[in-house]
Amino acid sequence: MINGIKTLKFGVEDKDQCQNFATDFGLKPVDSDIDDTIKFSMDNGSAIYVYDKDDTRLPPAFEDGPTLREITWAVNRQEDLNKLRDNLKDVDGFQDEGDLLYCRDPNGLTLSFEVSIMRTNLDKISVGINQYGSINRINQASPVYEKASPLGVGHIVLFSPDLAAAQQFYEEKLGFYLSDAYNDRGAFMRCAAEGWHHNIFLLKLPNRKEPGLNHVAFIVRDIHEVIGGGLNMNRKKWDSFIGPGRHPVSSAYFWYVHSPFGGAFEYYTNDDYLTPEWQPRFYDYSLDLFTEWAVEGGIDVETRRQLNNM
């Protein structure tokens with residue numbers, strides 16, 4: 001029914017700071033079609049709107065401070081929107097505006113749904129990687145990026161104190177598929193039977209009782225763009241959280257940067273692509289499942305060594 005994340009709306013404390021951060025991150029500012037907001041668009045058709053957090057046009061916040069206020073999910077066909085209308089009519093916050101549906105998930109986050117197809121046939125193609133037994137790049141060097149240009153919003157990670165209820169909602173009401181799970185700690189979920197490893201990750205932490213935004217993840221072309229993007233953010237004096245690194249669950253390379261939008265922004269690439277034949281794996285959470293390897297605080301752009309060890 002659903003094919004991806006179309007729009008994110010944020011309520012923030014400092015729109016100018018967020019505009020500077022997002023531009024340095026590689027998002028493209030465009031003229032906004034909503035008054036008194038800042039808009040960024042990406043190659044696959046996804047967009048971000050930045051509001052003042054006290055703007056009354058925004059739905060209620062599900063946590064204090066700057067944070068995500070609404071996700072719009074792209075729905076494949078009108079028939080799918082009609083099915084969602086039936087599925088969601090008894091859900092908290094349900095509103096039917098014809099071509100646009102609204103509800104709140106068990107975390108209290110507002111979701112909306114509209115018919116739209118996110119683009120996948122993009123011009124920005126990664127240069128091949130040479131590995132033993134698989135030669136994909138001949139007479140051509142791998143790229144070096146001065147900064148990143150994210151192709152789209154790939155996934156969202158939410159703090160979900162009632163993990164079971166949130167997972168049940170996304171599976172039963174929205175038709176999501178479980179890709180992998182940490183037992184009683186997290187659910188990696190994709191919005192289609194065939195697709196990338198996850199579009200949403202629901203995270204339950206033992207010491208956190210409130211819902212909220214953990215991070216937003218942006219797709220880039222390859223590991224070289226992950227590193228180029230992260231180095232540029234350190235060059236611009238933004239605060240790297242962790243990365244580069246690699247997640248064993250999903251296989252993705254990553255770099256996280258603390259964000260004035262709330263939570264963190266992540267560059268990532270190389271996540272697993274799954275079909276209906278995939279069977280979810282269930283793990284007891286451990287640090288080595290979060291990161292096979294990672295650099296704490298990022299890499300210093302001047303020395304090209306670990307930032308926090310300088």
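The values are calculated or read from the model by the stated rules, or taken from the named source; none is laboratory data. As the structure is a prediction and not an experimental result, all values here were calculated from the model. When we count neighbours, we look across all protein chains shown, and the Cβ atoms used for this are built from the backbone with ideal geometry, even at glycine.
Some observations on this one:
- Within the stretch 269-299, the set of residues being of a type in the set (A, V, I, L, M) and either surrounded by 14 or more Cβ atoms within 10 Å (Cβ to Cβ) or assigned to a strand (DSSP E or B) (or both) comprises Leu274, Leu289, Ala294, Val295, Ile299.
- Of all residues in the stretch 134-147, none satisfies being farther than 17 Å from Ser251 by Cβ, buried (at least 23 other Cβ atoms within 10 Å of the Cβ), of a type in the set (Val, Ile, Thr) and not assigned by TED's automatic domain parsing to the domain that holds Val12.
- Of all residue pairs spaced 6 or more apart or on separate chains, those with beta-carbon atoms under 7 Å, a first member in the stretch 174-185 that is over 20 Å from Tyr273 (Cα atoms) and a second member that is among the hydroxyl-bearing types (Ser, Thr, Tyr) and not in a loop (DSSP other than H, G, I, E, B) are Asn183/Tyr283.
- Some residue of the stretch 34-43 being outside the structural domain of Phe169 (by TED's automatic domain parsing) and loosely packed, with under 12 Cβ neighbours inside 10 Å: yes
- Which listed residue is buried (at least 18 other Cβ atoms within 10 Å of the Cβ), in the same structural domain as Asn107 (by TED's automatic domain parsing), among the polar types (S, T, N, Q) and modelled with pLDDT of 95 or more, from Thr23, Thr56, Thr72: Thr72
- Yes/no for Glu266 being part of a strand (DSSP E or B), in the same structural domain as Leu213 (by TED's automatic domain parsing), within 28 Å of Ala193 (Cα to Cα) and charged (D, E, K, R): yes
- Gly263, sole failed condition from (1) touching a Pro at 6+ places or on another chain (Cβ under 8 Å); (2) in contact (Cβ under 8 Å) with a residue 60 or more places away in the chain: (1)
- One residue stands out among those in the stretch 103-153 that are assigned to a loop (DSSP other than H, G, I, E, B) and among the acidic types (Asp, Glu): the one that is modelled with the lowest pLDDT, which is Asp123.
- Among the conditions (1) modelled with pLDDT of 95 or more; (2) touching a His at 6+ places or on another chain (Cβ under 9 Å); (3) closer than 19 Å to Pro150 by Cβ, Arg246 misses just one, which is (2).
- Any chance Leu81 is of a type outside the set (D, E, K, R), farther than 24 Å from Asp35 by Cα and modelled with pLDDT of 95 or more: yes
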